[in-house]
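Report on one structure; see the data block that follows.
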Amino acid sequence: MKPFRDVRHVDSFRITLSAPDDFDGWRDSARRMICADIPPDRVTWESPVDQTADLFAQRSSSLPSPPAGAPQPRVSRGFLQLAQSVILHTDKTRFSLLYSTLWRLQSRPRLMDDKADSDVRQMENLARQVRRDIHKMRAFVRFRAVESEGDEHYVAWFDARRQLRWPVERRL
């Protein structure tokens, strides 16, 4: 019987972000992966909350260095604004969706104008759900007076349809 060989897929990468809504971390890692010409099917994204195990993916500490003179990825301001909303959603595929759209934007700069594209539609749908929950949070949260140890405190709660990430609540 032969010993089991190391069969890691060296072209796959697992990127673990520092928080579920780490837009800056996602953007920096995505920029690095685009510059190194790593296609979306070779990247697994995860956050501390969304742990998805990919048996063959390498840890993010071994991300490839972009070749010297590699062009920087270029995207529209609209994509960045939409991505900042999408990243607040709890959908586990949000990072992969953003990266695959970013990948495609490099060869199709006007992709975000294509409303029939499934990735663009999905991004807009996730962003719409986030905006709706933010609106409901602002519009329908009511405070109640609660007396505790002789002091009056005000308490409020909101049961979001989708779990939004903390920055949404802090931005209120």
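Compute the length gained on full extension between Asp41 and Ser65: take 0.36 nm times their separation in residues and subtract their Cα-Cα distance, giving the result in nm to one decimal.
The span from Asp41 to Ser65 would gain 6.8 nm if fully extended.
Check which residues have an amide H placed less than 5 Å from Val43's amide H, if you skip close sequence neighbours.
It is Phe13, by chain and number.
Bear in mind that the values in this text are calculations on the coordinates, not laboratory data. Remember, it's a predicted structure, so these values are computed and weren't measured experimentally.
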